[in-house]
Every structure is written in C-alpha cells, then in structure tokens.
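Undergrad: Below is the structure I would like to discuss, written out as structure tokens.
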Amino acid sequence: MPGSEACESRRNNWPAREEQTAMQIESEDRQSVLLLQSIQAELSAFPSICVSVDLRSKHVSGSDSGIWIELEKLESFIKALTSLDHARKGEALLESMSPGELWLRVYPVDSRGHIALEIKINGKHFVGHRYMDHGCHTAFLLEPTALPHVCEGLRILINQQREKAV
C-alpha cells in the first residue's frame, strides 16, 4: 500500500515544479492559504494520489511533501463539498491513507452560510535514535463562494494525474 515512505523514496523522480499540478485555498481575509500540489498517482493497485501540502496562516505554518490520499475518498470529499455548498449543512471530511498525516474538515460556522476549513498536518522525523512527532492544526474562514472553486481545483488535480498515467 502506498504510504509516505513510498512517496519519499521517489522524491528524486518528482517532475519539475512547473509540471506539477496545484490548487490553492485562501482564507476569507487572505491571511491564510493552503496549497495542495499533486506529485504522482498510483492508479492500479491502490488508486490514490500523492500530494505535497503547504499551509501558511496567521497562527501556524506547516508542510509535508508526500501525503497519499485515496482517490475514492477524494471524490467523496468533492461530493460532500458540493452538498455543503448547496445546503450549508453538514461537513466534508478528507483524511490521508496513513492515519493522522492529513485531516481536512470543511463545515458551516453559522446559519448565515459562513464556511470554515480546519486542517491538521502531522508527521514524524528522525532525531538521534528515535522518531519524533511534529505537526500543526488550524482553521480559517473561507469565502462563502469558494466551495465550487475548491471542488473544481480538486477535480483538476485528479484528472491531470489520470491523464499522465495514460
């Protein structure tokens, strides 16, 4: 099963940055941004894509260069975002294949239709003779009209990786 180790081991074979696909989600106040870049895909055994995640906000910053997400879960996330956009009720959740590496939650914060994105990025790094946990967790408000653009950006990430695989 692809994991962050599999993505890490292929880091030297990553495409040039201009060949990668990316999408950006900005906060309502333009003070926070989440950038997802599609690095590679596994479309046969475990249909998934590997993404790098870069988070910059007023409160925290963090990144991870190799997180695998199942395509089925990503497509379900897009459907949940579409439903949330129309109803302004419920939530959309996305989790990485390796538990705890990436967790995204999009949800309404009030009855007036304001939407928030909550994100957790966690990982491990080797220090001395052991692995240490590191991570960040934050949330920010999205533009009320941002959800269709987020869905479209995610669809483009998926489709471009599928086209590359053909």
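The values are calculated or read from the model by the stated rules, or taken from the named source; none is laboratory data. Since we're looking at a predicted model, the values are computed, not measured. FYI the Cβ positions are ideal-geometry reconstructions off the backbone, even for glycines, and counts take in every protein chain you see.
Undergrad: Tell me which of these residue 39 doesn't satisfy, since it passes every other one: (1) surrounded by fewer than 18 Cβ atoms within 10 Å (Cβ to Cβ); (2) at pLDDT below 95; (3) β-branched (Val, Ile, Thr).
TA: If we test residue 39 against (1) surrounded by fewer than 18 Cβ atoms within 10 Å (Cβ to Cβ); (2) at pLDDT below 95; (3) β-branched (Val, Ile, Thr), just (1) comes out false.
Undergrad: Can you tell me which residue in segment 8-28 is surrounded by the most Cβ atoms within 10 Å (Cβ to Cβ), limited to those that are in contact with a Phe, Trp or Tyr (Cβ under 8 Å, 6 or more places away or on another chain) and modelled with pLDDT of 50 or more?
TA: 27
Undergrad: Here is a further query. Here are 118, 101: which of them is acidic (Asp, Glu), under 20 Å from residue 57 (Cα atoms) and surrounded by 17 or more Cβ atoms within 10 Å (Cβ to Cβ)?
TA: None of the others qualify; the one that does is 101.
Undergrad: When you scan segment 133-149, do you find a residue that is part of a loop (DSSP other than H, G, I, E, B), of a type in the set (S, T, N, Q) and exposed (fewer than 15 other Cβ atoms within 10 Å of the Cβ), even just one? Outline the logic, then answer.
TA: First pass over segment 133-149, keeping only residues part of a loop (DSSP other than H, G, I, E, B): 143-146.
When the remaining residues are screened for being of a type in the set (S, T, N, Q), the result is 145.
From what is left, the residues that are exposed (fewer than 15 other Cβ atoms within 10 Å of the Cβ) are 145.
Scanning segment 133-149, I find at least one residue that is part of a loop (DSSP other than H, G, I, E, B), of a type in the set (S, T, N, Q) and exposed (fewer than 15 other Cβ atoms within 10 Å of the Cβ), so the answer is yes.
Undergrad: While we're looking at this one, here's another question. Answer yes if at least one residue in segment 113-129 is part of a strand (DSSP E or B), under 12 Å from the mean Cα position of the chain (by Cα) and among the basic types (Lys, Arg), and no otherwise.
TA: There is at least one residue in segment 113-129 that is part of a strand (DSSP E or B), under 12 Å from the mean Cα position of the chain (by Cα) and among the basic types (Lys, Arg).
Undergrad: Do you know which residues across segment 65-103 are in contact (Cβ under 8 Å) with a residue 60 or more places away in the chain and not in a loop (DSSP other than H, G, I, E, B)?
TA: Within segment 65-103, 66, 67, 68, 71, 74, 75, 77, 78, 81, 82, 84, 85 qualify.
Undergrad: Would segment 75-83 turn up any residue that is at pLDDT 95 or above, aromatic (Phe, Trp, Tyr), under 21 Å from residue 42 (Cα atoms) and crowded, with 19+ Cβ neighbours inside 10 Å?
TA: yes
Undergrad: Can you find a residue in segment 96-106 that is among the small types (Gly, Ala, Ser) and in contact with a Leu (Cβ under 8 Å, 6 or more places away or on another chain)?
TA: Yes, some residue in segment 96-106 is among the small types (Gly, Ala, Ser) and in contact with a Leu (Cβ under 8 Å, 6 or more places away or on another chain).
Undergrad: Shifting gears a bit: Which of the residues spanning segment 25-69 are under 13 Å from residue 161 (Cα atoms) and charged (D, E, K, R)?
TA: Selection gives 42 alone.
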